[in-house]
Amino acid sequence: MSDLSKKFESLEKSRIEAQRMLQSTGMEEEQIEFYISACTSAIELARQNPSELSLKVASNFIEAAQDAAVLKFQADKNEELATIDQVTGLLNRTGIMDFADARISYAQRNEHSCAIIFMDLNKFKPINDTLGHKEGDNALRLVADKLKETFRKSDLISRIGGDEFVIVMMNDNPNHNFDDELAKLENLFDGGVIFQGSDGDKYPIGAAAGKVIVNEGETAESAIERADAIMYEKKVIAHRKLEEQQSAEHNLYLD
């Protein structure tokens with residue numbers, strides 16, 4: 001095989017590799033076709049007029065296609081890092097704000113109902129304080145797994161920070177109230193989530209949750225704030241009841 005034939009064979013292999021790289025990124029077919037057509041045309045022109053310059057031009061086209069694949073991969077990775085919680089793999093605050101607004105807009109355009117649940121964990125702090133943040137992260141991953149098992153794949157589940165989670169749900173029935181979904185969540189955390197610590201102890205994790213139906217024209221941020229307020233009110237009421245119960249038991253003991 002002549003040196004020139006070897007160079008063209010090498011170019012063709014590089015073109016095929018560039019196409020594989022582009023396809024692996026999930027780039028639009030039209031964009032891939034643009035890059036590969038440019039590479040193919042440059043190789044054909046070099047075959048018709050073989051020279052160091054034409055070979056170099058063809059090689060440059062192929063390198064440009066490979067660079068495009070790398071840049072697309074890096075851009076996708078950066079976008080993922082910007083919207084995904086690195087501890088649980090759920091959407092983070094940025095991700096849920098972006099996707100929730102789009103989900104709300106879709107629901108309202110199609111006359112679907114949409115609801116948001118704001119959830120805050122109970123009894124999580126002792127895990128962090130007793131076992132450390134690494135075990136705390138493991139407990140958060142357990143919670144994330146339980147949420148994914150409980151809700152539909154079409155529901156948006158996020159950890160917006162600390163031990164706070166937001167779930168966005170949609171239903172094609174415009175009058176759906178999502179009470180069953182909230183009840184299912186509350187039943188889950190009524191003894192159904194238990195973290196096995198590295199110290200051998202079991203740590204039950206509870207949660208308080210507030211649910212709102214998204215109003216017409218309302219943003220995700222506004223609905224999340226309303227759900228947060230409802231959740232906080234529930235926590236205050238539960239804490240007050242616990243104090244009253246403990247006080248009653250104490251008085252009974254004194255009697």
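The values are calculated or read from the model by the stated rules, or taken from the named source; none is laboratory data. Being a predicted model, the structure only gives us computed values, none of them experimental. All Cβ positions, glycine included, derive from the backbone under ideal geometry; neighbour counts span all protein chains shown.
Some points to look at:
- For L131: the one exception among (1) surrounded by 15 or more Cβ atoms within 10 Å (Cβ to Cβ); (2) under 27 Å from A220 (Cα atoms): (2)
- Yes/no for D67 being in the same structural domain as G197 (by TED's automatic domain parsing) and over 14 Å from the mean Cα position of the chain (by Cα): no
- The one condition in (1) surrounded by fewer than 19 Cβ atoms within 10 Å (Cβ to Cβ); (2) at pLDDT 95 or above; (3) closer than 24 Å to H239 by Cβ that K123 fails to fulfil: (2)
- Selection count, region 21-44, where residues are surrounded by 13 or more Cβ atoms within 10 Å (Cβ to Cβ) and farther than 15 Å from A69 by Cα: 3
- Residue match in region 28-38 (condition: modelled with pLDDT of 85 or more, in contact with a Gly (Cβ under 9 Å, 6 or more places away or on another chain) and in a helix (DSSP H, G or I)): no
- K235 more than 20 Å from the chain's Cα centre (by Cα), part of a helix (DSSP H, G or I) and more than 21 Å from N92 (Cα to Cα): yes
- The sole residue among R152, R159 that is surrounded by fewer than 18 Cβ atoms within 10 Å (Cβ to Cβ) and within 16 Å of the chain's Cα centre (by Cα) is R152.
- Screening the candidates G161, G191 for the property of being under 24 Å from E218 (Cβ atoms), assigned by TED's automatic domain parsing to the domain that holds G206 and at pLDDT below 95 yields one hit, G161.
- Any chance A18 is aliphatic (A, V, I, L, M), modelled with pLDDT under 85 and either surrounded by fewer than 14 Cβ atoms within 10 Å (Cβ to Cβ) or assigned by TED's automatic domain parsing to the domain that holds K72 (or both): yes
- Scope region 1-40; condition among the charged types (D, E, K, R) and in contact (Cβ under 8 Å) with a residue 40 or more places away in the chain; matching residues: K7, R15, E17
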